[in-house]
1. Taking amide H positions as placed 1.01 Å from N in the peptide plane, with prolines and chain starts having none, which residues 5 or more places from A:LYS128, or on another chain, fall under 5 Å of its amide H?
2. Chymotrypsin sites (Phe, Trp or Tyr not before Pro) within the range B:23-87: which are DSSP loop residues with at most 12 other Cβ atoms inside 10 Å?
3. With an 8 Å cut-off on Cα pairs and a minimum separation of 6 or more residues, tell me the relative contact order of the range A:95-219 in percent.
4. How long are the semi-axes of the equivalent ellipsoid of the range B:182-237, defined as square roots of 5 times the Cα gyration tensor eigenvalues? Whole Å, largest first.
5. Under the classification rounded if a/c is under 1.5, otherwise prolate if a/b is larger than b/c and oblate if not, where does the range A:31-123 fall, given a ≥ b ≥ c as square roots of the Cα gyration tensor eigenvalues?
6. Please find the FRET efficiency linking A:GLU391 to B:MET95, where r is the Cβ-Cβ separation and R0 is fixed at 51 Å, and quote it to the nearest 0.05.
7. Show me, for the range B:15-25, the HN-Hα J-couplings you get by feeding each phi into the Karplus relation (A = 6.51, B = -1.76, C = 1.60, θ = phi - 60°), rounded to Hz, glycine and proline as x.
8. Per residue, how big is the convex hull of chain A when only Cα atoms are used? Give it in Å³.
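Just so it is clear, none of the values below were taken in a lab; they were calculated from the coordinates. Everything quoted here is computed from the prediction, not taken from an experiment. Neighbour counts are summed over all protein chains in view; Cβ atoms, including those assigned to glycine, are modelled from backbone coordinates with ideal geometry.
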Amino acid sequence: MKDVYQQLVSIVGPAYASNHPEERFFYSRDGGTMEPREPDFVVMPKTTDEVQQIMKLANEREIPVVPMGGGLVLSGLSRPLKGGIVLDMKRMNRILEVNETSRYVVVEAGASQGMLQAYLKKHHPKLKHSVPDAPPIATIAGNVLIHGSGHLSAMGGFHTDMLNGLEVVLPTGEMVRIGSCSTSPYWFSRFPLPDLSGLFLGWAGTTGVATKIAIKLYPNRPFNDVIIFVTEDPEIVPDVIHRLSGVAVAEDILAWMTPKPVWAHGFQMLNVNYGADSRRELTLKRDLLRESVSKYIDEKVGGFMPLPPDMKKRFLEAPASTLAVFADVNKGGGFEYVGGIMPIELFPEAYRKGLEVASKHAVTYSLGARIIGLGHCMMFFYAYAFNRADEADVKRAQQALEDTNGMVLEMGGIPWKAEAPAQKQIINKMHPPTYELMNRIRAVLDPKGIMNPGNWEVS
Amino acid sequence: MYELRYDPQICEECETVDCLMRCQYINIDLEEAKKERQKIIAGQDSRVLHECATCYACEEYCPYDNHPFYLIVERQEQLETRPVPIPIVKQQIKMMGPRGQIVPQKVSAPVINMCFFPMLTGSIRGKLFEGASTIAGSDIFCNIMWLHFAKNSVIRERLPKMIDNITNYYLKDSGVDEVICFHDECYGAYTKLAPAFGIEVPFKTIHLYEYLTKRLWELKDHIKPVNEVVAYQRPCSNRLIPETQHWVDEIFELIGVVRPDREYDRENALCCATLIRAMQREELADEIQNKNIDDMQAVDAKYCVFNCPMCLMTLREMVEERGMTPIMMSDLCQIALGESLWG
């Protein structure tokens, strides 16, 4: 393996390839509950060409490759289950192009959410992208590739729906472009061509390495507000979401249910964020949103929290800083969640069962749901905080997550960015020909099975 | 226990029905006002119970101090007219509840009661408050806000406990027998609301403005007149204690600011509208706020002066957008004394 290391050094330089125990330790784990798995090498390429050279080497030598963005997925997807190379993309972090008129940006795959947010604020203040509730170091590409969602998802859907194009290095080392950029100098859309992006989205890095990505940008409006609908009847929440999202003015709709602080316990809160170009427009949008749920206000079973502007500030943040507080509530910095993608009518059941799981395992929990599109579905999250230094606490969280994955599937939802064991649970429930097709596609793209092996596999 | 001291005969004999006729939020003629008043006295439903904006003003308008507003709130609760949606009320009750974190603390006079607003303790500084102790937190919250939520029951349950806490955790062992209320709400709760419900208050209560007036006279040689026009945002709770209003004028005179006549000031003041939003009456809240801020702007006010922290939080942004500076009364006094607000 020493010659592999030397070859990696010759591709990226000695500062950016390592087989040292420190790096191997660091890259063996993420912030979640999955057991560490050490890589043999860690490599940080700077260019697409270097990625191609690495992939050719790995393919020739049949060495597993695990692409990694911010390493913040929490479900262990960037752990090298079968050793090999972790391909850390963070050096490929340039923002290549912003098209103000057609509202898109092209970035390298290691560009982070925080970088793009800061860049747009400085150079294109009238534009913004959909920011996930993740630390700013999370990468844009990583979040799109796992079907993430964020602060504009009520308007634009999954982050995958906001994808305009990709540059990908295949497991065999060829580079391909997906979307309009394959045919035009513009990265304006994935259409009207055959949409090949699906070969790389949601595959947990098992089909290729994204090196560039274009995503849609949206107006960054000067006036912004949030209204928070409160009820204590989960049964009405699907209809409330249906009504609020149906108005089609919200940028983001986020439900949250948490036992702490005490005033939140037992209630379902729905944050509805929206923006406007004038105060008048903002008021109009607020009135439309309120009117949509007037039935419940008139019945006195729900209403909007009376929050002065000063108290709204933290609900207007993107990403929300309160999540970082929850993530360390048990101290020890452990935090993982199941994001169940499911139809909104499952909200009451998802909520009740979430409470049951949390109670059964005595875990510190926070529940919530980000609404995707105009109420087309939701990412219902079951977040569990744990103390990483407390083995019993980690175990409790692990079991709660496992139960939650099972419960989500049983209800008719699908766990998002599922851990390898949860991927197996999904495969077991999947229409068998679908899984067969996945394997056939994978075999074509990755004949030697080097891409993130151990994921989307039965054994 | 803690029955409202209300005399129905006084209202029945009242010919002017000022409580309703002068209401800024209910449009009603004298004949109907008398009918609605009778319904309220008899414990029957009335449009007043549904349309009341809970601005407290009828407590001020009543020439007999017969507590028409407390009775309206009493009836709203008894008849479950629910001015605010149920989950919002329940959530607020939890949010503002005592957390049981109070610990005994030695204090020395002057003791400034900051109520539920410990974040404003930084305002207690400089020459005005030399040697002052502050007390604050959920365990000494005056709980007057439940008048907005048709929840006199919460006041009955919590206010006596808060009074006990102030006495037993702070005053008794410190040999202090009076507190200065930073906020109109506390002063109104201890001097007017508590007696109306027969709740005993064993300590003396001083209004912040009485204290400031006294201190400004003592510091008169240090005052540099501010020489600006101000608008005063009179809070709803001041309707319970209109006798304190003269101190506002006295303070303004002492520090050299002008409070021009405005349409929506003094007895015609408009509330900040936060609680009207709790009632989900957004259009009314917008209308009130706009009328109020327009009125302030019309007199070219440089400062919008607040007593109530909630009014400040609610109106700050709007006031700033219109080019005025929102400021608490004590901070404005400190400017007049040449003190920096930022240390």
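1. Those lying under 5 Å, H to H, from A:LYS128 are A:TYR218, A:ASN220.
2. none
3. Over the range A:95-219, the number comes to 30 percent.
4. The three semi-axes for the range B:182-237 are 30, 16, 5 Å.
5. Oblate shape, in that a/c is at least 1.5 and b/c is the bigger or equal ratio.
6. 0.90
7. Rounded to whole hertz, the list is 8, 9, 6, 4, 3, 9, 5, 8, 4, 7, 10.
8. 146
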